[in-house]
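Chemist: Structure incoming, see below.
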Ligand SMILES: C[S@@+](CC[C@H](N)C(=O)[O-])C[C@H]1O[C@@H](n2cnc3c(N)ncnc32)[C@H](O)[C@@H]1O
């Protein structure tokens, strides 16, 4: 377990900072407030590292959604969605397949409230649930009742930047396979996860920028991350480090250069 260094308490308005909005800011988005920006900018060096990780993670998300669309998947559950801003699942499907449905799930009421405001401009094919993503019944039940998901058709499940926020290893390792067991064949899952190298070198300092003020991140090794795909067949090339093969290539000097293999893992699975 890697706790934050307490840096968050140094910030005025830290209680109001929301990590989804901080990440939106670090990605150049517009859904953030001045105290989110102050929080993000407090340590420019850390912000630079986290920005690079987020850029690679977003790139993988795009790859995963395009893969799922190519498999014929037309309904998505975005677990720990954060805000549906530029480059999100909703943004990608709106461009490539406007008929696709996206259920956003987040446990932070501030994210859900703001997210619903953003979605108000979208069509009826989107939904935002306030729920614990690890509680399958809290996610699938309301989504089916709302007419958003059909269980007999394949569903794409995104767990991007989420499992390393879960403190309980048992919960983190098993919750995605409970989705796998409930969903139709052809359903798919995408995961990103911080690895311990990140923790050793950076997380003590960067955790508040990955998880939020006073929160921790729980990096896990590849072997553990592989267990999250139980019930799914891994899609080639398997669990990989988030490296240039997913990214178009950062134009600026890259703080992760040389360490691509060790900062964050990503993988795609499909239920056959
Ligand atoms: C790093 S942020 C956003 C990640 C987002 N998927 C992306 O790609 O930008 C992670 C989000 O997960 C949410 N979260 C944390 N634990 C959760 C849980 N158990 N269930 C649902 N959401 C959770 C947080 O509130 C936060 O908005």
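The values are calculated or read from the model by the stated rules, or taken from the named source; none is laboratory data. All values reported here derive from a predicted model rather than from experimental measurement. Note that we place each Cβ from the backbone using ideal geometry, even for glycine, and neighbour counts take in every protein chain shown.
Chemist: Looking at (1) surrounded by 24 or more Cβ atoms within 10 Å (Cβ to Cβ); (2) within 10 Å of the ligand (Cβ to nearest atom); (3) without any contact (Cβ under 8 Å) to a residue 40 or more places away in the chain, find the lone condition where residue 106 falls short.
Modeler: (3)
Chemist: From 72, 82, 87, grab the single residue that is within 15 Å of the chain's Cα centre (by Cα), assigned to a loop (DSSP other than H, G, I, E, B), under 27 Å from residue 184 (Cβ atoms) and in contact (Cβ under 8 Å) with a residue 24 or more places away in the chain.
Modeler: Checking each option against the conditions leaves just 82.
Chemist: Identify the single condition in (1) in contact (Cβ under 8 Å) with a residue 60 or more places away in the chain; (2) in a helix (DSSP H, G or I); (3) more than 15 Å from the ligand (Cβ to nearest atom); (4) closer than 27 Å to residue 153 by Cβ that residue 95 does not satisfy, given that it satisfies every other one.
Modeler: (1)
Chemist: Within region 125-152, can you find the residues that are assigned to a strand (DSSP E or B) and over 20 Å from residue 166 (Cβ atoms)?
Modeler: Residues satisfying the conditions are 126, 127, 128.
Chemist: Going through region 160-170 one residue at a time, which ones are in contact (Cβ under 8 Å) with a residue 12 or more places away in the chain and surrounded by fewer than 24 Cβ atoms within 10 Å (Cβ to Cβ)?
Modeler: 160, 165, 166, 167, 169
Chemist: So which residues in region 111-121 are surrounded by 15 or more Cβ atoms within 10 Å (Cβ to Cβ) and either closer than 15 Å to residue 18 by Cα or within 12 Å of the ligand (Cβ to nearest atom) (or both), if there are any at all?
Modeler: 111, 112, 114, 115
Chemist: Within region 64-77, is even one residue near the ligand (Cβ under 9 Å from one of its atoms), under 20 Å from residue 159 (Cβ atoms) and in contact with a helix residue (DSSP H, G or I) (Cβ under 6 Å, 6 or more places away or on another chain)?
Modeler: Checked region 64-77: no residue is near the ligand (Cβ under 9 Å from one of its atoms), under 20 Å from residue 159 (Cβ atoms) and in contact with a helix residue (DSSP H, G or I) (Cβ under 6 Å, 6 or more places away or on another chain).
Chemist: What's the number of the condition residue 110 fails, among (1) within 29 Å of residue 53 (Cβ to Cβ); (2) touching a strand residue (DSSP E or B) at 6+ places or on another chain (Cβ under 6 Å); (3) assigned to a helix (DSSP H, G or I)?
Modeler: Of everything listed in (1) within 29 Å of residue 53 (Cβ to Cβ); (2) touching a strand residue (DSSP E or B) at 6+ places or on another chain (Cβ under 6 Å); (3) assigned to a helix (DSSP H, G or I), residue 110 misses just condition (2).
Chemist: Any residue in region 188-213 that is within 20 Å of residue 108 (Cβ to Cβ) and part of a strand (DSSP E or B) sitting within a Cβ distance under 8 Å of a residue that is more than 13 Å from the ligand (Cβ to nearest atom) and modelled with pLDDT under 70? List the pairs, counting only those 6 or more apart or interchain.
Modeler: Qualifying pairs under 8 Å: 194/203.
Chemist: Separate question: Within region 38-57, does at least one residue satisfy the condition of being within 11 Å of the ligand (Cβ to nearest atom) and at pLDDT 95 or above?
Modeler: no
Chemist: Another one. Answer with yes or no whether residue 142 is within 14 Å of the ligand (Cβ to nearest atom), touching a strand residue (DSSP E or B) at 6+ places or on another chain (Cβ under 7 Å), within 30 Å of residue 218 (Cα to Cα) and at pLDDT below 95.
Modeler: Answer is yes for this residue.
Chemist: Which condition does residue 223 not pass, out of (1) more than 16 Å from the ligand (Cβ to nearest atom); (2) out of contact with any strand residue (DSSP E or B) (no Cβ under 6 Å at 6 or more places or on another chain); (3) under 27 Å from residue 55 (Cα atoms); (4) touching a residue at least 12 places away in the same chain (Cβ under 8 Å), if it passes all the others?
Modeler: (4)
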